[in-house]
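Worksheet: the structure to be examined is printed underneath.
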Amino acid sequence: MEHIIEENKERFPQPYRDMANFALQTFLSGSINNSRERVRRNYNTAIPQYYRGRIQLLLPLCISNPHAADLALVVENHDSFYRAATCLTLDMAYNNARQLARPDRDWLQP
């Protein structure tokens, strides 16, 4: 969580860039929990990307509006658990996405 905030704060939407890290961490935690539930309801929400020889998943992070993604969370599989690696802007996520199935039209659009 610290890496996502400290090293990628410029990727967050404007009102969140100026927040203290502990406050932004609260918003981010809630957004991650919502994203996890969203993927449980519809697996097509998780969009694969290929990075350094591994498949990662892109999940929508809806921070300011629960119906519109602000960022994409990059999640890696570590055999028995998934770990959030970083966050990407939506443009970066769209460029990296490997669309194997029809994407969830709610969040990753050209």
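Can you work out which of the residues in segment 1-20 that are under 13 Å from the mean Cα position of the chain (by Cα) and part of a helix (DSSP H, G or I) is surrounded by the fewest Cβ atoms within 10 Å (Cβ to Cβ)?
ASN8
Whether any residue in segment 46-53 is assigned to a loop (DSSP other than H, G, I, E, B), surrounded by 11 or more Cβ atoms within 10 Å (Cβ to Cβ) and in contact with a strand residue (DSSP E or B) (Cβ under 6 Å, 6 or more places away or on another chain) is what I want to check.
yes
Can you name the number of the only condition in (1) of a type outside the set (Lys, Arg); (2) over 19 Å from TYR82 (Cβ atoms); (3) in a helix (DSSP H, G or I) that ASN33 fails?
Just one mismatch for ASN33, condition (2).
Each reported figure results from applying straightforward, stated rules to the coordinates on display, with no laboratory input. Here the structure is a predicted model, which is why all the values come from computation and not from measurement. Methodologically, a virtual Cβ is constructed for each residue, glycine included, from the backbone with ideal geometry; neighbour enumeration extends over all protein chains shown.
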